[in-house]
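Okay, so here's the structure we're looking at.
The values are calculated or read from the model by the stated rules, or taken from the named source; none is laboratory data. Quick caveat, the model's predicted, so the values are computed rather than measured. With ideal geometry, Cβ positions are generated from the backbone for all residues, glycine too; neighbour counts draw on all protein chains shown. These area figures cover heavy atoms from the full protein model, side chains too; ligands, DNA and RNA do not enter into them. Shrake-Rupley method; radii C 1.70, N 1.55, O 1.52, S 1.80 Å.
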Amino acid sequence: MEDKGPEGTGDTSNHASDIEVHGTFIQAGQVTVQVPGAPGRDPVPEVPVTVTWRWLTHDGVLVGEGDEQDSLLANSPVLEILVEGRSAQAAILRDLRPVVLSRRPPRQVRVSSVADGILQVRPFEGDLDRDDPELRPLEADFPFKVSLDDPEQLRVRWTSTRDEVRWRVDLHWVCAGRAGTVRIPEEGSFGLYPSRRLPPVGAVAGPEVDTALGDPTAGRILAEELGRLLAASGQSVAETVALGRRSSPPADFTGRTLRSWSEGRSVPFDQDLFRRLVELLEACAARRDPRYRGRSTGGWEEMRRAAVAEEGRPGRSVVRRLSAPFTRRGAPRR
């Protein structure tokens, strides 16, 4: 290093030997100088992100027998993924993609259990029925940025309606000119049982159990989802009836009709009345919780049509009562 003095004052020459460069710092003997904006060595580790995950729901079924016995998730489970940066250099999360590893026709359910969860933070939906499944964002979409002090938390609700599916999730990142993938789980895979083939909660298979328990039951799914919507809205049945009468134009709900639909004892044949009901309840749920992300009117209509079509199938079994009556605050009685 050499330093020249100002013109007219004579030349002053300063030299330093044994110079070492450490990122944005220069070490010259016993003197350390920081150079603002100077490029440093790459501090980014080989994998610049740390990924941890957990299931927020514990709904599950036991299927198969003997060596083929398997425990699978059920009822649209929610996967929470926390992504943290490992350096000051930001890593860009490009994509989160499900990778289906296998499919098979659903086997007879031996035992089922339920423990529901909550969807929030960065919510997505993953439809595993598609041949090439992709995530559907319910709020913001990729890419996201993570660094040491700026993590991201993702939550994905997974659905399968036709097949038993085994899959994993690949998180793709780019950082400091490099790209890579983190697999979730690191080893093995997840397994999901199709929602339309689920028997009533707590059913145990045996010689006396009707094998029709595993048949598709669109009416059961519609009843469960409508029950969840009622709970999310915070409206009792009586309050919902009053809300319909106050709406413009009035919607003539009755308490008996709402209980019958939400408990799976009948299906809504009246398309317009059902549409008015779900629109009012979805609006109530959104006002009650700003983080709530509901189902579109088209999505509800698709479920209703499936239930109505199933109602007319020959040999259809009676839809069992699925939900407890709702209390005044909209929560199921225990």
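Numbers below:
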| read-out | value |
| --- | --- |
| For segment 57-179, share of DSSP beta bridges that run antiparallel, in % to the nearest 5 | 85 percent |
| Contact order relative to length of segment 221-292, as percent, for alpha carbon pairs under 8 angstrom and 6 or more apart | 42 percent |
| Estimated FRET transfer efficiency (GLU139, ASP67; beta-carbon r; R0 56 Å; 0.05) | 0.85 |
| Given charges at Cβ of Lys, Arg, Asp, Glu: segment 79-186 dipole, positive-most of PHE142, GLY180, PRO105 | PRO105 |
| With every protein chain in place, segment 241-281: carbon and sulfur % of accessible area (1.4 Å) | 49 percent |
| Two-site FRET efficiency, TRP53 against ALA286, from Cβ-Cβ distance with R₀ of 35 Å, rounded to 0.05 | 0.80 |
| Estimated FRET transfer efficiency when R0 is 35 angstrom, pair GLU301-GLU186 (beta carbons, to 0.05) | 0.30 |
| Built amide H within the under 5 Å cut-off of ARG94, gap 5+ | HIS172, TRP173, VAL174 |
